[in-house]
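In what follows, a single structure is set out as C-alpha cells and then discussed.
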2 protein chains.
Amino acid sequence: MAAHPVSPLAPKTYPDLPAIAGVRFATAEAGIKYKNRTDVLLMAFDEGTVVAGVLTRSKCSSAAVDWCRANLAGGKARGLVVNSGNANAFTGLKGRDSVRQTAEIAAGALGCRIEEIFLASTGVIGEPLDASKFSGVLDETATRMADTPWIEPAKAIMTTDTYPKLSGAVLEIDGVEISINGIAKGSGMIAPDMATMLSFVVTDMPIAASALQTLLARHNQTSFNSITVDSDTSTSDTLLAFATGKAPVEPILSLDDPRAEIFGQALSDVLFELAIHVVRDGEGATKQVSVHVEGAVSDESAFRIAKAIADSPLVKTAIAGEDANWGRVVMAVGKAGEPADRDRLAIRFGDLTVARDGERAAFYDEAATSAYMKGEDLDLTVSLGLGDGKATVYTCDLTHGYITINGDYRS
Amino acid sequence: MAAHPVSPLAPKTYPDLPAIAGVRFATAEAGIKYKNRTDVLLMAFDEGTVVAGVLTRSKCSSAAVDWCRANLAGGKARGLVVNSGNANAFTGLKGRDSVRQTAEIAAGALGCRIEEIFLASTGVIGEPLDASKFSGVLDETATRMADTPWIEPAKAIMTTDTYPKLSGAVLEIDGVEISINGIAKGSGMIAPDMATMLSFVVTDMPIAASALQTLLARHNQTSFNSITVDSDTSTSDTLLAFATGKAPVEPILSLDDPRAEIFGQALSDVLFELAIHVVRDGEGATKQVSVHVEGAVSDESAFRIAKAIADSPLVKTAIAGEDANWGRVVMAVGKAGEPADRDRLAIRFGDLTVARDGERAAFYDEAATSAYMKGEDLDLTVSLGLGDGKATVYTCDLTHGYITINGDYRS
C-alpha cells in the first residue's frame, strides 16, 4: 500500500479495537488518487451522537474544514466522510460545491440532515475534488456498514503514512466499561496548529457536546499540538471526537462532574498515542525525539523554545546523523526569541549532561553520548534555570527520506 | 578546499576587487579545524577608520558577537580578526577569555587598543577555541600584510561554503572614485536575524560612524535580513562595515548630505549581491528562489508571509523536485498567521499564473509551468489582494545535499 518504505519506528502489531455501540463504518476504493487501496471512509453514528472538534488555524483552511466549523456549532453528528488523495483545499467555489454535494450524498445514504454530516479531505492541495466520484461510492458503501475492524478506517485515511494509526482506551465509569477508539493520519505538513492532518475519536460515553469540546481542546494541546514533523501547518488539520452515548451510564453534562477528569485522562491517552504515531511515521523518520524544556519563565515560553528546537532543520539533521550536536540546540534556543541566559543553560541527551552553565560539561562523555544517539527514542532536555515553566514537544529526525518523499509527491 | 561539491549556482568568475587605501590584510593556516586551507584572517585599518555593525539577535550570541557589540559603541576600528572552523559560541568563561586574549594579541601585533579590535568566529558551536593557537599566527601574519587580492580573505572565512563570496562597487562622489569591497560567508544556519553568519565590507569613503551605521542597518534589511537557507539563525551573525576615509573627498557627516543616498545605494548593491551569494551557496542548493509577496496589509505582513513560504520545507523540497506545487505555497501563506483571504489569492511562478481568486487558474498551463521549474533562478509571486504591502525573501531549495552536509558536520 505504501509507496515508501515502512517507517522503522512502526509498531510491531496494531491494537484490535473493540466495537463501539452506535457507530458503524465501511471503506471503499474510489480511485481519487491512489490505486488498489481504500481511499474513502464512511462512518455512521446513531441518533443522539454528539460531536466536538478542533480545526486548523490556517488562514487558508480547506472547504471541508470550513464545513466542519459551521456544523460543529450544532454539536450533533450522524455521519463522517473522509477521503484521502485530494485535500480539496484552495479549490474555490468548486471546492465548496463539492463539499456540499458530498454532504448531500452522504446525508441521503444515511438518512439525516446535511448539517449532521462531517467531512475531511486529505492529500494534494489545489486540485478540485470531483464530488461525482462519491455519488455511487457512498450509496454502495452504506450497504456494507460494520462495527469492526477499526484498522480499515485507519488505512483508508492514509496518504504518505507508511502505517495505519490506531489507539484505544477502555475505562470503567460507574461500573460500566467505556471505550474510546481513535485513528489518525500524518505524516508531512505536520506542525499542527491544532492537530495532525486528520484524527477521529469515537466513544460510547454519554457526554454533553460542550464538555467533550472542552476536554478535547485541552488534551489536544499536549498531544497533537505538541508534535512537529516539519514545521508546516496543514490547511486541513481536523480532529473530531464523536460520543454516541450508548454506554448505559448517566451522561457527563459538565466538567464539574468528577467523572469528566477520569474520562478526560483516557481521552488524553488516546490522543497522545495517536500524536506520537504521527511523529513516528513522520516523513523519512528514523528516530523519535522528545524535546523537553524546563526552567523557562513560563510554560508558554518553554513551549516556544521546545518548538524552535524541534523545528530546527539543523538539530533534526544532526539527530539523523546520530550526532549529539548540542551547539545546534543552543542555536535553536537562541533563535526562539524567548528569555534565555546563555550562561545558565544546561543540556542533557537522555540522562547524559553534555552542557551546563553555558559551556560543555567538564564531565562530558563523548563515547557514552554517541552511544546514546544511536537509539531510536531520544530525549533531549534543555534547562534554562530561569523559572518553573516547562513543556515537551515531540518530533522526528530529518533525513534523506523526507527529501525523497517530498521532492516528487504531487507529480 | 570544499568538502562538498561546489554549488551548481556558483559564479563562473570572481570579481577582481581593487585595493582600498587604508586597509591591508593577510590570511594564515592555523589548523583550527580545517587542514590545508587558510582559516584565519587579519585585517588592519589605518588610524581614523570608523566602523558600523549589525549583529545577531540570537539570545545565545557568541562571545565574539558580545565583544563587537561592546566595541561598536566606540565607532573606531584598527583591526579585524576572523577565524573559521570554530564559532567559540557557548563556551562560557573560557570563550570570553579566549576573545580577550585574541584581541590582546591582535592589538599587540597592530599597535592599537583592544577596543579597536573586532573579532568574528564561525564554525562549530560549543567547542572551546584555544586562543594560544593565535599567538604566533597573528604576529607572523602581521608581517605579510597586503591590499590585494580580496579573494584570499573571502576564502579564509569559509566553512561549509563551497565558493568564496565577494562583491564590490566603484562609484564617483565629487569626481573622486570611491570603492566599496565586501566579502561574506554562509551557508547553513541562515535565517539571519540580522545577517548571514559573517560579512565584512570596507570602503575608503570618509563617513561618520553614525551615518554608516544607519545606512548599514537600513540596507541590511533588504539584503541579509531578507534571505533564508534553513530558517535557523546563527549565534554568530556579524556584519561589519569599515570606512577608512582615505578617499580625498569631504566626509559624509549625516544622512542629510545628499551623497549619503548615492553612497547608500552602492553599499546596498554590495550587500545585496553578497546576500544572494549566500543563498546560492546555501547548503545543498540547486536553485535560487525569490519569493515575492504583494498586496499584503503592510510590508511587515508581506515579509512574514514571504518568510513563511521561503522557510517551508515542503515548498523547498517541491522546488528541488521541480514541481510547481502551489498548494504548498497556499499552505505556507495559511500558516504565517497574517491576514490573507484564501479566495483572493493569486500565485505566479515566473510570469505564469497558476492560481487566481483562490483556485487553479482556468488557463493554467502545466507544461509551461513544469518547463519553468527546471530553471535555476525562480521567481514565485503571491498576490494577496488586500493592500499595498510587499516584500521579497530570497532562498534556495532543500535537497539531499543539505541532509548529507548536516548529518555529519560536527563529527
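Quick notes on this structure:
- Over chain B, dividing the summed -39,500 (n - 2.57) contributions of all DSSP H runs of at least 4 residues by the number of residues returns a 222 nm mean residue ellipticity of -9500 deg cm²/dmol.
- For a label point 7 Å along the Cα-to-beta-carbon line of B:GLU115, residues of region B:55-80 with backbone N under 11 Å: B:71-76
- Its alpha carbons give region B:1-57 an Rg and a Dmax of 15.8, 42 Å.
- For the peptide A:398-406, the mean number of other protein chain Cβ atoms found within 10 angstrom of a residue's Cβ is 6.
- Under the criterion of Cα pairs below 8 Å and six or more residues apart, the relative contact order for region B:67-196 equals 23 percent.
- For the options B:ASP232, B:ASP311, B:ASP256, a Gaussian network treatment of chain B with springs between C-alpha atoms closer than 10 Å singles out B:ASP256 as fluctuating the most.
- Loop-located chymotrypsin sites (Phe, Trp or Tyr not before Pro) in region A:297-384 whose Cβ has at most 10 other Cβ within 10 Å (DSSP): A:PHE363
- Among A:LYS316, A:LYS59, A:LYS94, residue whose mean-square fluctuation peaks in a GNM of chain A (springs only between Cα atoms under 10 Å): A:LYS59
- Sites listed here are trypsin sites (Lys or Arg not before Pro) in region B:320-411 whose DSSP assignment is loop and whose Cβ has at most 15 other Cβ atoms within 10 Å: B:LYS374.
- Lys, Arg +1 and Asp, Glu -1 on Cβ, resulting dipole of chain B about Cα centre, debye, nearest 20: 1000 debye
- Considering region A:1-97 at the alpha-carbon level, its Rg and Dmax are found to be 16.2, 44 Å.
- Highest mobility in the GNM of chain B, judged by mean-square fluctuation with C-alpha springs under 10 Å and restricted to B:GLU47, B:GLU115, B:GLU366, is found for B:GLU366.
- Distance from region B:69-124 to region A:335-389 (C-alpha centre basis), Å: 27 Å
- Candidates A:ASN71, A:ALA208, A:PHE134 compared by Cα position along the dipole of region A:23-280: farthest toward the positive end lies A:PHE134, with charges placed on Cβ.
- Exam field: A:PRO18 pseudo-label spacings to other copies (7 Å along Cα-Cβ), nanometres: 8.6
- Exam field: A:ASP341 pseudo-label spacings to other copies (7 Å along Cα-Cβ), nanometres: 5.0
- Cα-based helix-to-principal-axis angle, A:92-110 vs chain A, degrees rounded to 10: 60 degrees
- Computed from the C-beta positions of A:ALA217 and B:GLN221 and an R0 of 45 Å, the FRET efficiency is 0.70 to the nearest 0.05.
- This model, with +1 at the C-beta of Lys and Arg and -1 at the C-beta of Asp and Glu, gives the protein assembly as shown a dipole about its Cα centre of some 440 debye.
- Directionally averaged shadow of region A:23-280, computed from the convex hull of its alpha-carbon atoms, nm²: 11.8 nm²
- Counting DSSP beta bridges with both ends in the protein assembly as shown, the antiparallel % (nearest 5): 70 percent
- Legend: calculated FRET efficiency, A:GLU29 to B:ALA367, from the Cβ-Cβ distance at R0 = 35 Å, rounded to 0.05, equals 0.70.
- Placing a label point 7 Å from the Cα of B:GLY111 along the Cα-to-Cβ direction, the distances to the matching points in the other copies come to 10.2 nm, shortest first.
- All-pairs alpha carbon distance profile, region B:292-337, 10 Å steps from 0, percent: 31, 51, 17, 1
- Alpha-carbon Debye profile of region A:76-143, log10 I(q)/I(0) at 0.22 Å⁻¹: -0.89
- Using alpha-carbon coordinates, inclination of helix B:209-221 to the longest axis of chain B, degrees: 30 degrees
- Considering only Cα atoms, the convex hull volume of region A:35-188 works out to 132 Å³ per residue.
- As computed over region B:288-407, the Cα convex hull volume per residue (Å³): 89 Å³
- Folded to 0 to 90 degrees: helix B:259-280 orientation relative to chain B principal axis, Cα: 70 degrees
- Using a Förster distance of 22 Å, the FRET efficiency for B:GLU300-B:VAL176 (Cβ separation, nearest 0.05): 0.05
- Relative contact order for region B:154-307, counting Cα pairs under 8 Å that sit 6 or more residues apart, in percent: 27 percent
- Positive dipole terminus of the protein assembly as shown, leading residue within B:ILE227, B:LEU314, B:ILE114 (C-beta point charges): B:LEU314
- Translational diffusion of the protein assembly as shown, µm² s⁻¹ [Kirkwood Rh, Cα pairs; Stokes-Einstein; 25 °C; 0.890 mPa s]: 87 µm²/s
- Relative contact order for chain A: 17 percent, from Cα pairs under 8 Å spaced at least 6 residues apart, divided by residue count.
Every number here is computed from the coordinates shown, using simple stated rules; none is lab data. Being a predicted model, the structure only gives us computed values, none of them experimental. FYI the Cβ positions are ideal-geometry reconstructions off the backbone, even for glycines, and counts take in every protein chain you see.
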